[in-house]
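The values are calculated or read from the model by the stated rules, or taken from the named source; none is laboratory data. Just so we're clear, the structure is a prediction, and the values are computed from it rather than from any experiment. Cβ sites come from the backbone with ideal geometry, for glycine too, and all protein chains shown count toward neighbours. To get the accessible areas, we keep the full protein, side chains included, count just its heavy atoms, and leave off ligands, DNA and RNA. Shrake-Rupley method; radii C 1.70, N 1.55, O 1.52, S 1.80 Å.
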Amino acid sequence: MTPLPDSLQPFPLRIEDYELLDRAGVFEGRRVELIEGVIVAVNAEHRPHTRVKNELMFRFRLALEALGSNLEAFVEPTLALPPRNMPEPDVVVASVPTNGNDYFRLQHMVLVVEVGASTLRSDLGTKRRMYATQGVPECWVVDVHGREVHQFWTPRDGAFQNERVVPLAGELRSLTVPELAIDGTGIL
């Protein structure tokens, strides 16, 4: 792809612009996200990605229920992070009011999980930075091929201050909600 001349600069979209395009049917039949003001196509999912995503959501739901928590686990919600981001993380753990008809918001988020197979580089790069900049409390990136989980927490000044990598096996514990843990054994 040839870079644009300096005289031509891309125009980053806001959430409001993205919503107008969506309501007009521009994205019909396409899976897209708004990341840093750019409309990004979402890759098709292969079975390992789908399996990991669904197993994580299921295991988080069971763990939250066992804790008697008011938190819930969701698959691929649209997360509005003004002014220029509307990602659809693979899994989120959130506290969402039952009333209302809008998107998930930062104040609802406890944990965001991206499952990276073909998107690992972007998930560990652009998306991780976006979540840190926006103040998401905790972010996990699951490396499907490496069978490990990158955990990030304590967002400050556009970066997560803490991180660790653990195997996708045995106990996987949240660092911001310590009582929340799931068993990663057999997910892959």
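A few comments on the model shown:
- Elements of type strands (runs of 3 or more DSSP E) in the range 2-94, at least 3 residues being farther than 20 Å from Asp143 by Cα: 32-35, 38-41
- Yes/no for Val142 being open to solvent by less than 10 Å² (accessible area, probe 1.4 Å), of a type in the set (A, V, I, L, M), in contact with a strand residue (DSSP E or B) (Cβ under 7 Å, 6 or more places away or on another chain) and modelled with pLDDT of 95 or more: yes
- Residue within the range 150-173 that is surrounded by 13 or more Cβ atoms within 10 Å (Cβ to Cβ), closer than 25 Å to Val38 by Cβ and in contact with a Leu (Cβ under 8 Å, 6 or more places away or on another chain) present: yes
- Residues of the range 115-135 satisfying the condition of being surrounded by fewer than 24 Cβ atoms within 10 Å (Cβ to Cβ), touching a helix residue (DSSP H, G or I) at 6+ places or on another chain (Cβ under 7 Å) and not in a helix (DSSP H, G or I): Gly116, Ala117, Gly135
- Within the range 1-20, residues that are among the β-branched types (Val, Ile, Thr) have Cβ atoms under 6 Å from residues that are not in a loop (DSSP other than H, G, I, E, B) in these pairs: Ile15/Ala80; Ile15/Met86, counting only partners at least 6 apart in sequence or on another chain.
- Within the range 1-49, restricting attention to residues that are exposed (fewer than 14 other Cβ atoms within 10 Å of the Cβ) and acidic (Asp, Glu), the residue that is nearest to Asp102 (Cα to Cα) is Glu16.
Here is a yes/no grid of residues against (1) without any contact (Cβ under 8 Å) to a residue 24 or more places away in the chain; (2) in contact with a Leu (Cβ under 9 Å, 6 or more places away or on another chain):
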| residue | (1), (2) |
| --- | --- |
| Gly25 | yes, no |
| Ile35 | no, no |
| Val38 | no, yes |
| His46 | no, no |
| Glu76 | yes, no |
| Met86 | no, yes |
| Leu111 | no, yes |
| Ala117 | no, no |
| Gly125 | yes, no |
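- Scanning the range 98-114 for residues that are crowded, with 22+ Cβ neighbours inside 10 Å and either among the charged types (D, E, K, R) or assigned to a helix (DSSP H, G or I) (or both) returns a single hit, Glu114.
- Enumeration of residues in the range 50-76 that are open to solvent by 10 Å² or more (accessible area, probe 1.4 Å) and within 19 Å of Asp102 (Cα to Cα): Leu71, Glu72, Phe74, Val75, Glu76
- Of the residues examined, Val92 is not one that is in contact with a strand residue (DSSP E or B) (Cβ under 6 Å, 6 or more places away or on another chain) and more than 27 Å from Ser174 (Cα to Cα).
- Any hit, the range 169-183, residues being under 16 Å from Met57 (Cα atoms), in a strand (DSSP E or B) and of a type in the set (Lys, Arg): yes
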